[in-house]
Amino acid sequence: MPDRLDLLLIYPPWPAAKGRARLISTLPPLGVLSIASNVEANGFSVEVCDAHAYQLDDRDIRLLIRRHRPRVVGLSVLTSQVLAAHKIAKIAKQEVPDCIVVAGGVHAEAMPERMLQNSAIDMVIRGDGEDATVEIVKGWPVEQIPGASYRLNGGVIHNDARPVQMDLDAYPMPAYHMVDFDKYYPGATTYRQLPAINLLMTRGCPGKCTFCNSAKTTLRSRSPASMVEQVKHLYHHYGIRQFQFYDDTFTVLRKTVLEFCALLEAERLDVSWIGFIRGDCFSDQMAAAMKAAGCHQVLIGVETGSPDIAKRIGKNIDYARYQKAVEIAHRHGMEVRASFIIGNLDETWASMTESLNMALDIDFDFAQLFISTPYPGTAMYKEAVERGWLTAASWDDYGQARVLVNQPQISADDIYRFERRFNRKFYMRRRFALRMLKRSLNPRHLRDYALAVPYLLLGVKSDPLAGKWDCWEGLNEDDFLDVSLEGADTLHLSHTIRTKGIIAS
């Protein structure tokens, strides 16, 4: 039927962001936009619905689905979006019973059996979704789609893993024309100019961090030339002036980064940008190239100041390497933002104090603190479940602000108490206050600080989302799981799913 949309891609809301002020950015869902552009390039009609950024409620989404009558509905599922995704899947089947509902993303691929207990979800795609979605829209039989998981005879069939696409230039640039940039904004302290947008040059990470879905996954990159073309396109067509590179580790591929920086510098564009680095993958040469190309800030995932915890979580980089990386960045005129995690497995008050001392001793410009969160697909989640430490929390609590692991050596109350201690010790310093005043170049910065400081120091939530978002809160996953399937609680690791696939038990 020609009046039907071929594909509607929906990025669900995540209520965990409610009240977190401007500490959390809201930026375009690049994975969804990459799938959209690839499907569109193959001649099919596509629309993207970012329900989070547009603050849509269930009625808005129902009307959207009713209007488009899509043949295929694709849901991108992070852990904090699971409950909303289940509800949207049910709505899609109610409005268009013959549509195919497909779930993808890090949570869906880590828990395909559980996702498929919702009868409204027909298929889960594990790994990259660009080519798989084209095959679905073309009408390929599900058994012929690599990386697909689906129900059959009371169980779940997992097709072999899709070969990893090493040449990311094979995909068009994300479908930026399908979203409204006015709906997006970067997190406080992360930008110098506006408007801002996120970019990804690489996928995968060779690191072994136990808390991360990207650990041990295949690293691949777009070519530097294609990334500069994306920057130029966004600069000239949309007026973008700030770029947030959200690669897990921007600086791992040294030659690629240096070439990108040289090409971008040669364009002489009025842009600023940030990138994530590792303490052991940074040098004066790289810093000089990044600064010359417009980089004004780097983020270092320190995670912990405790050598014992660093080894425990698979990120065993020593203090001296981080200190040297900060010195290099400052020498080249770049700010340094550090991220720390507390409440790791085997964490104690003493080990968290080592993190605080490191944050105070090394000259970080900013420090962002998260509570360790056991995401499905990670080694941490698997261990927490197997040891019986995982609390029976809702998926909505997976926003890196709640204690979700009940460990015998430290209480949740102590972790929350230390979180307040860390933020007050770091942010209530004269040095930090002077830096903030110095960098407050425009009223937007001052507004961000006014919203963020009460949350950091007092736990006071501000900048709440619209009240109509109540429809996404308080949902119970069991209410959506109406199919009994074998192996629904099977534990999978993300890196094996994406490379070796799932071997049926």
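Restricting the count to DSSP beta bridges whose residues both fall in the chain, what percent are antiparallel, rounded to a multiple of 5?
For the chain, the DSSP antiparallel bridge percentage is about 20.
Does anyone have the angle between helix 443-458 and the longest principal axis of the chain? Alpha-carbon axes, 0 to 90°, nearest 10?
Orientation of helix 443-458: about 90 degrees from the principal axis.
For the chain, with only Lys/Arg (+1) and Asp/Glu (-1) charged at the beta-carbon, what is the dipole magnitude about the Cα centre, in debye rounded to 20?
On the way: 59 positive and 60 negative charges, 332 e Å.
Value, rounded to 20: 1600 debye.
Can you give the Kirkwood hydrodynamic radius for the range 192-304, in Å, rounded to one decimal and based on Cα pairs?
Kirkwood radius, the range 192-304: 14.3 Å.
If contacts are Cα pairs under 8 angstrom and at least 6 residues apart, what is the relative contact order of the chain in percent?
After rounding, I find 20 percent.
What spacing in nm lies between the two simple spin-label points modelled at Asp270 and Asp318, each 7 Å away from Cα in the Cβ direction?
4.7
Over 18 Å, how big is the tail of the calculated P(r) for the range 43-144, in percent of all Cα pairs?
Details: 2301 of 5151 pairs.
Summing the P(r) of the range 43-144 above 18 Å gives 45 percent of all pairs.
So how strong a dipole does the range 42-112 carry about its Cα centre when Lys and Arg Cβ are +1 and Asp and Glu Cβ are -1, to the nearest 20 debye? It would help to have the intermediate numbers written out before the result.
On the way: 9 positive and 8 negative charges, 56 e Å.
It works out to roughly 280 debye.
Going by Cα centres, the range 120-140 and the range 202-232 are how many Å apart?
22
Name the long-range amide H neighbours of Thr218: under 5 Å, sequence gap of 5 or more, or other chain; modelled H, no Pro or chain starts.
Sorted by chain and number, the residues that satisfy this are Cys205.
If you plug each phi of the range 217-225 into the Karplus form 6.51 cos²θ - 1.76 cosθ + 1.60 with θ = phi - 60°, what whole-Hz ³J(HN,Hα) values come out, in order, with x for Gly and Pro?
8, 5, 8, 8, 9, 6, 6, x, 5
If the cut-off is a Cα-Cα distance under 17 Å, which aspartates and glutamates reach Lys232, setting aside same-chain residues fewer than 8 apart in sequence?
Result set, ordered by chain and number: Asp169, Glu259, Glu265, Glu267, Asp270.
Given DSSP loops and a limit of at most 16 other Cβ atoms within 10 Å, what is the longest stretch of the chain that contains no such trypsin sites (Lys or Arg not before Pro)?
5-207
Please determine, in degrees from 0 to 90 and to the nearest 10, the orientation of helix 30-41 with respect to the longest principal axis defined by the Cα atoms of the chain, where the helix direction is its Cα long axis.
50
Sort all Cα-Cα distances of the range 225-367 into consecutive 10 angstrom bins from zero, then give the percent of pairs in each bin up to the one containing the longest distance.
P(r) for the range 225-367, in whole percents per bin: 12, 40, 28, 15, 5, 0.
Cα atoms only: what Rg and Dmax, in Å, come out for the chain?
22.3, 66
Quickly work out the Asp470-to-Ser45 label distance, labels modelled 7 Å from Cα along the C-beta direction, and quote it in nm with one decimal.
Result for the modelled spin labels: 3.7 nm.
Where the only charges are on Cβ atoms (+1 Lys, Arg; -1 Asp, Glu), what is the dipole of the range 97-171 about its Cα centre, to the nearest 20 debye?
Numbers: 5 positive and 12 negative charges, 67 e Å.
The calculation lands at about 320 debye.
Which is farthest toward the positive dipole end of the range 78-223 among Met123, Met173, Met111, measuring Cα position about the Cα centre, with Cβ charges +1 (Lys, Arg) and -1 (Asp, Glu)?
Final value for the positive-end residue is Met111.
Search the structure for amide H atoms under 5 Å from the amide H of Asp50, placed 1.01 Å from N in the peptide plane, and list their residues when 5 or more places away or on another chain.
For Asp50, the qualifying residues are Tyr11.
With each run of n ≥ 4 DSSP H residues scored as -39500 (n - 2.57), what mean residue ellipticity at 222 nm is computed for the chain after dividing by its residue count and rounding to the nearest 500 deg cm²/dmol?
Rounded to the nearest 500, it is -10500 deg cm²/dmol.
Each label point is 7 Å from the Cα along the Cα-to-Cβ direction; what then is the distance between the points at Asp489 and His177, in nm?
The two pseudo-label positions are separated by 5.0 nm.
How far is helix 319-331 tilted, in degrees, relative to the longest principal axis of the Cα atoms in the chain, given as a value from 0 to 90 rounded to the nearest 10?
Relative to the chain, helix 319-331 is tipped by roughly 80 degrees.
So if R0 is 30 Å, what FRET efficiency would Asp361 and Ala292 give, r being the distance between their Cβ atoms, rounded to the nearest 0.05?
Values: r = 30 Å, r/R0 = 0.99.
In this case the efficiency is close to 0.50.
Could you calculate the contour length gain from Leu434 to His330, that is, 0.36 nm times the residue separation minus the distance between their Cα atoms, to one decimal place in nm? Intermediate values should be presented prior to the final figure.
Values: separation 104, 0.36 × 104 = 37.44 nm, distance 1.66 nm.
Gain on stretching Leu434 to His330: 35.8 nm.
Using only the alpha carbons of the range 238-313, what is the convex hull's orientation-averaged projected area in square nanometres?
Working: hull surface 23.1 nm².
Reported value for the Cα convex hull: 5.8 nm².
If the chain between Arg4 and Glu143 were fully stretched, how many nm would it gain, using 0.36 nm times the residue separation less the Cα-Cα distance? Walk me through the intermediate numbers first.
Values: separation 139, 0.36 × 139 = 50.04 nm, distance 2.50 nm.
Length gained, Arg4 through Glu143: 47.5 nm.
Pop the C-beta distance of Ala225 and Asp280 into the FRET formula with R0 = 30 Å and round what comes out to the nearest 0.05.
Numbers: r = 28 Å, r/R0 = 0.92.
With R0 = 30 Å, the Cβ-Cβ based efficiency is 0.65.
Suppose all protein chains stay in the model; what accessible area per residue would a 1.4 Å probe give for the chain, in Å²?
Details: 20650 Å² over 505 residues.
Ligands and nucleic acids excluded, the result is 41 Å² per residue.
Report, by chain and number, residues whose modeled amide H sits under 5 Å from the one on Gly399, excluding near sequence neighbours (fewer than 5 apart, same chain).
none
The values are calculated or read from the model by the stated rules, or taken from the named source; none is laboratory data. Keep in mind the model is a prediction, meaning the values are calculated, not measured. In this analysis, Cβ positions are derived from the backbone assuming ideal geometry, glycine residues included, and neighbour counts consider all displayed protein chains. Protein only, heavy atoms only, side chains kept; ligands, DNA and RNA dropped before computing areas. Shrake-Rupley method; radii C 1.70, N 1.55, O 1.52, S 1.80 Å.
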